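Everything on this sheet refers to the single structure shown next.
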Amino acid sequence: MKALKLLCPAMATVLALLLSCSVSAQQLNGFELEGALVPVDDILRGGPPRDGIPSIDAPHFIPAAQAGELRDSDYVMGLNRNGISKAYPIRILNWHEIVNDRFGDEPVAITFCPLCGSGMVFLREQAGRPLTFGVSGLLYNSDVLLYDRETESLWSQIEARALTGHYRGQPLTQVAVEHTRWGDWRQRHPDSLVLSFETGFGRNYDTDPYAGYAESAATYFPVKFRALGFHPKERVIGLVLNGKAKAWPFVELGKADGLLQDRLGDTAIVVRFDPEHDSARIEDSRGQLLPAITLYWFAWAAFHPDTEVFRHQDSTPR
């Protein structure tokens, strides 16, 4: 500041503004961005402040038979783990984006980004330390950045790794989850528990805060890479195995017979598509569910610009 006083008032003002811009560019919503693994200019404010979209940290569940508010056509994320089945309605996740939950003694984070249509589940432990995740109010490639309340590291949902902070560079362990309609999940898992609409927050879960977004070709925020070939909001199921990425657009899977034998790299996989419930899942050769992601095409391509893409051609994948 003493150096600033030696300058003329105009020059001092300009320099002070430049310095303040430099500092603010390294901080957004109270998070330190210095040393981020992605360009700081690509991390954007989504609108709400930190925790302006509140995570659900004390989830309440009801049996499937009591879920009268849930329609068979409603989308859910369904998770079957440790002998427990639970469903998380997208009508709730649209408003909260994160549920900090447990399956037995195992802490998990249920995450959903409405802007990317991406739902992913992670183990919320690092080196045996349980973490609690919140919504930072920041985005990278239009995708939600989570933050852990223990260290305030920022985590990319789709990249499944920390971009800043104490855990910078550390991966999240992804857990396989299904995206389907409630009627389908309930039929296959009649003993499932369901996240209750009694969340403790004053939200109208009968309304969609993103109404019309899924049909529009526009995105609210820029992304680093836009791929052509499909509607930006075309739903795809994507998988990364051994460093190789591939996407199966629903519009292409709809031309097949519902069950597709395919390969990703050297790994044989099975893609199952259910047109009635507009859902897909990927299994290994033993029938085990793999940690694929259902999301919008633009979001998959933004994070995986070198992805392979399945296109139906005489029932033969290529």
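The values are calculated or read from the model by the stated rules, or taken from the named source; none is laboratory data. Remember, it's a predicted structure, so these values are computed and weren't measured experimentally. Ideal geometry is used to build each Cβ from the backbone, glycine not excepted, and the neighbour counts take in all protein chains shown. To get the accessible areas, we keep the full protein, side chains included, count just its heavy atoms, and leave off ligands, DNA and RNA. Shrake-Rupley method; radii C 1.70, N 1.55, O 1.52, S 1.80 Å.
Some points to look at:
- Check on Gly229, within 20 Å of the chain's Cα centre (by Cα), on the phi > 0 side of the Ramachandran plot and not in a strand (DSSP E or B): no
- Candidates Pro39, Pro59, filtered to the one that is open to solvent by 40 Å² or more (accessible area, probe 1.4 Å), modelled with pLDDT of 95 or more and either among the β-branched types (Val, Ile, Thr) or under 27 Å from Pro171 (Cβ atoms) (or both): Pro39
- Applying the criterion of being touching a residue at least 40 places away in the same chain (Cβ under 8 Å) and out of contact with any helix residue (DSSP H, G or I) (no Cβ under 8 Å at 6 or more places or on another chain) to the residues of the stretch 67-84, the residue that is least open to solvent (accessible area, probe 1.4 Å) is Leu79.
- Going through (1) closer than 30 Å to Gln187 by Cβ; (2) of a type in the set (D, E, K, R); (3) open to solvent by 50 Å² or more (accessible area, probe 1.4 Å); (4) not in a strand (DSSP E or B) one by one, Arg281 falls short only on (4).
- With respect to the conditions (1) more than 16 Å from the chain's Cα centre (by Cα); (2) at positive phi, Ile62 lacks only one, and its number is (2).
- All positions within the stretch 91-118 that are more than 15 Å from Pro54 (Cα to Cα) and either out of contact with any Asp or Glu (no Cβ under 9 Å at 6 or more places or on another chain) or part of a helix (DSSP H, G or I) (or both): Arg102, Phe103, Gly104, Asp105, Gly117
- Residue that is nearest to Phe230 (Cα to Cα) [pool: residues in the stretch 248-259 that are assigned to a strand (DSSP E or B) and within 25 Å of the chain's Cα centre (by Cα)]: Pro249
- Test: residue in the stretch 171-179 that is out of contact with any strand residue (DSSP E or B) (no Cβ under 6 Å at 6 or more places or on another chain), outside any strand (DSSP E or B), among the hydroxyl-bearing types (Ser, Thr, Tyr) and at pLDDT 95 or above: no
- The stretch 189-199, subset part of a strand (DSSP E or B) and more than 15 Å from Asp57 (Cα to Cα), residue least open to solvent (accessible area, probe 1.4 Å): Val194
- Contact annotation: residue pairs with Cβ atoms under 9 Å, 6 or more positions apart or on different chains, pairing a residue in the stretch 122-136 that is in a loop (DSSP other than H, G, I, E, B) with a partner that is open to solvent by less than 20 Å² (accessible area, probe 1.4 Å) and among the β-branched types (Val, Ile, Thr), are Arg124/Val108.
- Whichever residue in the stretch 232-261 is more than 26 Å from Gln187 (Cβ to Cβ) and at pLDDT below 95 and, among such residues, is least open to solvent (accessible area, probe 1.4 Å): Gly243
- Being of a type outside the set (D, E, K, R), at positive phi and either open to solvent by 20 Å² or more (accessible area, probe 1.4 Å) or in a loop (DSSP other than H, G, I, E, B) (or both) is a property that does not hold for Gly202.
- Close pairs (6 angstrom Cβ cut-off, 6 or more residues apart or separate chains): open to solvent by less than 10 Å² (accessible area, probe 1.4 Å) in the stretch 146-157, assigned to a loop (DSSP other than H, G, I, E, B) and hydrophobic (A, V, I, L, M, F, W, C) anywhere: Asp148/Leu131; Leu154/Leu163; Ser156/Leu163
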